[in-house]
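Input: a single structure, listed below in structure tokens.
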Amino acid sequence: MSRAPLRPAIREAADILAAAGVHSPQADAEFLAAHVLGVDRGRLALMPMLTPDQLEEFRKLVARRAERVPLQHLTGTAAMGEIDLAVGPGVFVPRPETELLFAWALARLEQIGHAHPPVVVDLCTGSGALALAIAHARPDAQVHAVELDPEALAWARRNALQLADEGDTPIDLHAGDVTDPAILDHLDGRVDVVVSNPPYIPEDAQLDPEVMDHDPHRALFGGPDGLSVIRPMVDTIARLLRENGAAAVEHDDTNGAGVAALFTTHGGFTDVIEHPDLAGKPRFVVARRITD
Ligand SMILES: C[S@@+](CC[C@H](N)C(=O)[O-])C[C@H]1O[C@@H](n2cnc3c(N)ncnc32)[C@H](O)[C@@H]1O
């Protein structure tokens, strides 16, 4: 069989995905084509043809995507900062919304400078996304990450081993509950930066099938108001941070003021600021530790 031109195959795929209700059909068709061809999406123009095997694989992936399997489960990777993470069933797919929280953490670490190795904690690490992206960008940092779900922890371990193999500073992964009053107590008062993208969706939210049927529910839902993990986690953050240490916590776009109020009423924080995400929605709150 002869080779097939790529552009019409992508057009056909985008139409199938649009009809299935996929939100970004053209982009997803291009990502899947790039995956099959083993190139970055930006280099597709250099690959005008598909072999018969590549066309068959592409069409199979498009059919799975039309069943609303997440794109990242099909390609096997998701990005955070400069790194790619292996993802799949059993772990939350890192989202672009979290990139600004990551950028805030790097800027905060830059302010701290390089005089001492900064200590960073990622609470609810999932695939290890924030912890590993920070360790990649700041090799001098001592990064700790906490995760409750054994399946997610296995993905985090796999990503941590891969990145350490590639030369990144290893991180410390801890199995545990971020609301446990003793979690990481050996770091009490020693942490410069805490980051967290915890489960925060209110229980009754309507979600796309990619999310509802494929992200672990423990990663998504934060009780009736979306705050069931964040509320007790504020005490953990207060305990861990050193004076002037700072934290950033991602939240549901309905909960910016609610999360800011949790930090303000705690009494151990100042400079409590709400931040938007790339789409302009309220997405994370930062706060700086003061002495009680
Ligand atoms: C929204 S996901 C975020 C994962 C990762 N931080 C990211 O941005 O991709 C939340 C993660 O928190 C974990 N988790 C939920 N409750 C937890 C708890 N009480 N203690 C520790 N981890 C928890 C879930 O298993 C899930 O992996």
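Quick notes on this one:
- ILE171 - accessible surface, heavy atoms, 1.4 Å probe, Å² rounded to 10: 20
- Accessible area of the chain divided out per residue, in Å², using a probe of 1.4 angstrom: 45
- Electrostatic dipole magnitude of segment 77-289 [Cβ: Lys, Arg +1; Asp, Glu -1; Cα centre; debye, to 20]: 620
- Carbon plus sulfur fraction of accessible area for segment 54-120, probe 1.4 Å, in percent: 53
- Pairwise Cα distances in the chain exceed 35 Å for 23 percent of all pairs.
- Sequence of SER24, SER2 when ordered by accessible area, the most exposed leading, probe 1.4 angstrom: SER2, SER24
- Positive-pole candidate from VAL69, GLY81, PHE31, dipole of the chain, charges at beta carbon: PHE31
- Distant-in-sequence amide H partners of VAL194 (H built 1.01 Å from N, under 5 Å): VAL121, ALA246, ALA247, ALA248
- Helical contribution to [θ] at 222 nm, DSSP H n ≥ 4, -39,500 (n - 2.57), averaged over the chain, rounded to 500: -12000 deg cm²/dmol
- Residue-level accessible surface for THR77, protein heavy atoms, 1.4 Å, Å²: 60
- For the set ARG11, ARG108, the ranking by accessible area, highest first and with no ligand, DNA or RNA atoms included, is ARG11, ARG108 under a 1.4 Å probe.
- Gaussian network model of the chain, springs between alpha carbon atoms under 10 Å - residue of ALA260, ALA156, ALA182 with greatest fluctuation: ALA182
- Computed from backbone phi, the HN-Hα couplings of segment 112-117 come to 5, x, 10, 5, 10, x Hz, rounded to whole numbers (Karplus: 6.51 cos²θ - 1.76 cosθ + 1.60, θ = phi - 60°; Gly and Pro given as x).
- Compared with the direct C-alpha span, the chain from ARG11 to ALA182 gains 56.1 nm at full extension, assuming 0.36 nm per residue.
- The apolar share of the surface of segment 182-292, taken as the fraction of accessible area on carbon and sulfur atoms (1.4 Å probe, ligands and nucleic acids excluded), comes to 51 percent.
- Selection from ALA20, LEU207, THR265 lying farthest towards where the dipole of the chain points positive, charges on Cβ: ALA20
- Along the chain, longest interval not containing exposed GluC sites (Glu not before Pro), exposed being DSSP loop plus at most 13 other Cβ atoms within 10 Å: 204-292
- Whole-Hz couplings from phi, Karplus 6.51/-1.76/1.60, listed for segment 41-54; x for Gly and Pro: 4, x, 9, 4, 4, 7, 10, x, 10, 10, 6, x, 5, 5
The values are calculated or read from the model by the stated rules, or taken from the named source; none is laboratory data. Values in this document were obtained by computation on a predicted structure and should not be read as measured data. Here Cβ is always computed from backbone atoms with ideal geometry, including for glycine, and neighbour counts include all displayed protein chains. Remember, those area values only see protein heavy atoms, side chains included, never the ligands or the DNA or RNA. Shrake-Rupley method; radii C 1.70, N 1.55, O 1.52, S 1.80 Å.
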